[in-house]
1. Let me check against my output: what whole-number percent is the relative contact order of chain A, with C-alpha pairs under 8 Å and at least 6 apart?
2. Give me the Kirkwood hydrodynamic radius of region A:11-146 in Å, from all C-alpha pairs, to one decimal place?
3. For a footprinting-style exposure proxy, rank A:Ile81, A:Ile133, A:Ile252 by other Cβ within 10 Å, fewest first.
4. Distance check, please: which entries in A:Lys56/A:Lys265; A:Lys280/A:Lys306; A:Lys306/B:Lys4 exceed 28 angstrom between their Cα atoms?
5. Taking Rh as the Kirkwood radius, which is the inverse of the mean 1/r over Cα pairs, what is the Rg/Rh value for chain B?
6. Do you know the relative contact order of chain B, to the nearest whole percent, from alpha carbon pairs under 8 angstrom that are 6+ apart?
7. Return the whole-Å distance between the Cα centroid of region A:1-72 and the Cα centroid of region B:1-44.
8. Please compute, for peptide A:22-31, the average count of beta-carbon atoms on other protein chains lying within 10 Å of each residue's beta-carbon.
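Every number here is computed from the coordinates shown, using simple stated rules; none is lab data. A quick note: this is a predicted structure, and the numbers were derived from the prediction, not measured. Please note: Cβ atoms are built from the backbone with ideal geometry, for glycine as well, and neighbour counts cover all protein chains shown.
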Amino acid sequence: MNLAASILEGNRLAIARLMTQVENDTVEGLAGLEAIFPHTGQAHLIGVTGAPGTGKSSLVNQLARCFRHPPPGKEPCRVGIIAVDPSSPFSGGAILGDRIRMRDLAGDPGVFIRSMATRGSLGGIAKATSGLIQILDAAGYQTIFIETVGAGQAEVDIARLAHTTLVVEAPGLGDDIQAIKAGILEIADILVLNKADRPGVESAETALRSALRLASSNETRSQHPEYIEGNQADDSTVTSNKVWSPPIIRTIAIDGNGIEVLAEKIEEHRCFLKESGEWKKREKLRLQSEVDALLQRTLMQQWRDKMSVMLYEKILSQVTNRKISTTNAVKLLMNGDNIQ
Amino acid sequence: MTEKKIRVLVAKPGLDGHDRGAKVVARALRDAGMEVIYTGLRQTPEMIAEAALQEDVDVVGLSILSGAHMALAPKVLELLKTNQQEHVRVFIGGIIPDEDIQALKDMGVVGVYGPGTTTEEIIGDIRKAISGRLN
């Protein structure tokens, strides 16, 4: 079966098979991605992140349902879901349990759910996540949710991968809110306060609101912090005065409360991105970071292929004996081919 | 090159609501380095076959304590076939009367495990059953 051609026709078996190939980093997988790449770039990518147990999977379940059955007058769109869970650092195995919360979507041919393990990647998503997104994108899934590993502070890779990032919070996490303020809140385009029927919802919202206010007093807020670095002013073709300030939406995912409002906000954010020119900017940075990541891996591989294992071990043992510093070791290793 | 992972779908078809055993097995398979997709309780054969397709698993493990195995297992096998997923190996764990074990195996179930089975046995059997496909 020609996987790429079948994927463009939306064949689910082909989608699943190529996903496996891409996850396993095979030659066939790379060839498949290359073939479908021209057909990507259509989908709205929505990242969903937040601490474990805040209800990410249940929210994605409800949102997907909402996008599949929109209010009258709107077209339902096909929904892809990529749910990432952590691999065990010891055995390499994983329990992927996000489907448990997504049973409402079973039997709907307009929904494709794929669970994936991080396989050693940090940052809340896996190395192959962007490849899997491309496959769903090329297969015609217009809205793609990417649910990250339960993340706390620094797992912000999702913001580079998605157009719209939802950060999910829940009341009762107490002082955790303080910790969360520093990292993950900054990548939110929309903040979701889930489990809003729980006690403590008012104080949680107050805490979030004050954290957001602090953030937005900083003028770069609207630029999406992930993208500021070095990319602020170079895109003179796009001029925009529009500012997006992340709203806080209360939801109770378990019974669908607040989901329609959230879905509208997501749509609003998509329109904002398109109208403000931010979409193009994010696309560029998104692809740039994909290229960079791939480049990094390829360079590392090339270097490893050239490197003699013996020399590597020798230098490493000098480091462990405190004979040379780690910095010096790298210098020596980079000149590896001269030494041999 | 990333190594190929064994992907297993652990599912509980039918109506019984006791999934301790399924979770113990899922955990053991995880510790054996497999990627285990756990789908939760009360799955229909259709849901299981569809999940197996989307997740492109190598193995489906069914946990059945309700006594409905002679109805549920053939249905799952049939749907896997309809989906061109014949290569997926199906295992069953639960309360299965001895006289049904052979019948299940004749249908195409690779292994049937009752109370007292060690997780090592299950892991070994899974590895053996799909060793041909991994290369």
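1. Values: 534 pairs, mean separation 58.0, N = 340.
Relative contact order here is 17 percent.
2. Details: mean 1/r = 0.0648 Å⁻¹.
By the Kirkwood definition, the hydrodynamic radius is 15.4 Å.
3. Details: A:Ile81 28, A:Ile133 23, A:Ile252 20.
With the sparsest Cβ surroundings first, the list reads A:Ile252, A:Ile133, A:Ile81.
4. Details: A:Lys56/A:Lys265 17 Å; A:Lys280/A:Lys306 39 Å; A:Lys306/B:Lys4 25 Å.
Pairs exceeding the cut-off: A:Lys280/A:Lys306.
5. Details: Rg = 13.6 Å, Rh = 14.7 Å.
With Rh from the inverse mean 1/r over Cα pairs, Rg/Rh is 0.92.
6. Numbers: 204 pairs, mean separation 33.5, N = 135.
Worked out over chain B, it gives 25 percent.
7. Centre-to-centre (Cα) distance: 22 Å.
8. Across A:22-31, the average partner-chain Cβ count within 10 Å equals 2.
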